[in-house]
């Protein structure tokens, strides 16, 4: 799953903008994996530096939260990544069908 975290995060943000804690909760609920802050936030910052997401500080009840949204570049990266992942899964499946046990 670690190799696909960027795609998972982009897919979640494509559905709706979220703040970091919401991203982590959604991943935990769907995949039963808890990401430490030391894993999640550097990844969010990297996706932002690459232009795939945009973060904006919003204040709710006096508390600031950084809300992340996917960008057009992020949507393109997500679509490309999902296609590559599906293609790889098809190749693996075809190889498994073609391989015969010894």
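Derivation of every value follows stated rules applied to the coordinates shown; laboratory data play no part. What you see is a predicted model, and the numbers here were worked out from it, not measured in a lab. Glycine also receives a Cβ, built like all others from the backbone with ideal geometry; neighbour counts cover every protein chain displayed.
Quick rundown of the values:
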{"item": "Mean-position separation - Cα centroids, the range 67-98 and the range 6-27, in angstrom", "result": "17 Å"}
{"item": "Label-point gap, in nm, between residue 58 and residue 88 - each point 7 angstrom along Cα→Cβ", "result": "3.3 nm"}
{"item": "Value of [θ]222 nm, deg cm²/dmol, for the chain, DSSP H segments ≥ 4, -39500 (n - 2.57) each, nearest 500", "result": "-20500 deg cm²/dmol"}
{"item": "Between helix 72-98 and the chain: long-axis angle, C-alpha atoms, 0 to 90°, nearest 10", "result": "20 degrees"}
{"item": "Acute angle (nearest 10 degrees) that the helix 37-49 long axis makes with the longest principal axis of the chain, alpha-carbon atoms", "result": "90 degrees"}
{"item": "Kirkwood hydrodynamic radius of the range 2-98, from inverse mean 1/r over distinct Cα pairs, in Å", "result": "14.5 Å"}
{"item": "Nearest-ten-degree value, helix 20-31 long axis tilted from longest Cα axis of the chain", "result": "30 degrees"}
